[in-house]
Amino acid sequence: MTTPAHPIRVAVIAATGYGGIELLRWLTAHPAVEIVAVSSESSAGQPLTAVYPHLAGLEMALLPAAEARFHGEPQVVFFATPNGTAMQLAPAVLARGGKVIDLSADFRLKDPAVYAAYYGRAHGATDWLARAVYGLPELDREALRGAALVANPGCYPTAALLALAPLLRAGLIAPRGIIIDSKSGVSGAGRTALQTPYLYAEANEDVSAYTVGAHRHQPEIEQQLTAAGGEEAVITFTPHLIPMTRGIFTTAYGPLTRACATDEVLAIYRDAYAGSPFVTVLDATTLPHTKWCAGSNRAFVTARVDARAGRVVALAAIDNLGKGMSGQAVQNMNLLCGLDEATGLERPAVYP
């Protein structure tokens, strides 16, 4: 794969939310990209740098989304919009031959009835659901090459799937009875959703579970685990809010289908992620930390066999705004545009 002779023209819709601003952080340093349009409904007409002074040098006016999606004839349009927006605005982009990477949930679920049940609205672009490619490169890289519409995964599903999918594909764990315990930093709520539970005085020195048994990412995880294992997956998923800005730590418990040792599980991971530049499989003496991922597109994965309980304990750490959202969106753009998937993403974490 080579860098194109001409930059890839991109537009970022909803550029002032956490997902959008993280996209701009990656895209401004991408060697094969030209940002031609940025949008914000709440700040339309203002310079981008008036909202985010740290982007000095990116002197662009914020446009309404309906205009920005075509402004400058972008070849790739990123929708970092709330759920329900991309299904309205993306089909016209696709009809004109543009490529779309949707960071919302609008094209992740294949069954529109499930979407309606979990997101509280009827799906407005059902003809595109079957054509959308689920954008977790490590699990289905070839399907992304040349795709037109990418459904960027949710942050919780990214960590859970990286931890569990290889074990299901190998038949090592049963698809029913999986328990997933995940913890996220407060930025996972999104910038406009930072209400009382996420304010510093409320979130600091506190850990809390939320949406137990009914989180919107549960059917997404089950759908993709079912695809990985070939049998219907049924999970128990409990998310938690913890007092940090960014990061996800997932601990998943999978029922073993046969006796095995930790070394065999780690060998399955190494085989599954050979050639995946952003997944680090840790050894049998090292456990992941979210700080190792902060500001990066990297995931750390490992597992331990609990022979007494007959389970695999699988662990994964990612940055929810990086590999769990915007970094992964850029990785997907690289693949669908014929670039090396690591282009513009090879940065270490911010530490400490």
Sort 205, 264, 22 by Cβ crowding within 10 Å, fewest neighbours at the top. 205, 264, 22
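Could you pull out the chymotrypsin sites (Phe, Trp or Tyr not before Pro) across segment 188-251 that fall in loop regions by DSSP (anything but H, G, I, E, B) with no more than 16 other Cβ atoms inside 10 Å?
210
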With a ≥ b ≥ c the root eigenvalues of the C-alpha gyration tensor of segment 156-322, is it rounded (a/c under 1.5), prolate (a/b larger than b/c) or oblate? prolate
In Å³ per residue, the alpha-carbon convex hull of segment 161-236 encloses 103 Å³
Set the bar at 24 Å for Cα to Cα. Now go through 183/291; 110/291; 99/183; 99/323 and name every pair that lies beyond it. 110/291; 99/183
How do 315, 27 line up, fewest other C-beta atoms within 10 Å first? 315, 27
So what's the angle, to the nearest 10 degrees on a 0 to 90 scale, between helix 262-272 and the longest Cα principal axis of the chain? 30 degrees
Angle, helix 86-95 long axis vs. longest principal axis of the chain, Cα atoms, 0 to 90°, nearest 10? 70 degrees
Arranged by the count of other C-beta atoms within 10 angstrom, fewest first, what order do 323, 291 take? 291, 323
With the chain treated as a Gaussian network of Cα nodes joined by springs under 10 Å, which of 108, 216, 258 yields the largest mean-square fluctuation? 258
Cα gyration tensor of segment 1-105, axes a ≥ b ≥ c as square roots of the eigenvalues: rounded (a/c below 1.5), prolate (a/b > b/c) or oblate? oblate
List every residue whose amide H lies under 5 Å from the amide H of residue 101, counting only residues 5 or more places away in sequence or on a different chain, with H placed 1.01 Å from N in the peptide plane. 77, 78, 79, 150
Give the shape of segment 1-47 as rounded, prolate or oblate, defined through the alpha-carbon gyration tensor: a ≥ b ≥ c are the square roots of its eigenvalues, a/c under 1.5 means rounded, and otherwise the shape is prolate if a/b is larger than b/c and oblate if not. prolate
For the chain, what is the calculated [θ] at 222 nm in deg cm²/dmol (nearest 500), taking -39500 (n - 2.57) for each run of four or more DSSP H residues and dividing by its residue count? -7500 deg cm²/dmol
Quick one: Karplus J couplings for segment 330-344, per residue in order, coefficients 6.51, -1.76, 1.60, θ = phi - 60°, nearest Hz, x for Gly and Pro? 5, 4, 5, 4, 4, 5, 6, 9, x, 9, 4, 5, 8, 4, x
Which of the peptides 225-235, 177-187 is most tightly packed, and how do the rest follow, judged by the mean count of other Cβ atoms within 10 Å per residue? 177-187, 225-235
Considering only the chain, what is the antiparallel percent among its DSSP beta bridges, to the nearest 5? 45 percent
Positive-end extreme of charge dipole, the chain - chosen from 114, 33, 175 (charges on Cβ): 175
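Any read-out appearing in this document is the output of simple, stated calculations on the displayed coordinates, not a laboratory observation. Everything numeric in this text was worked out from a predicted model, so none of it was measured. Backbone-built Cβ (ideal geometry, glycine too); neighbour counts: all protein chains shown.
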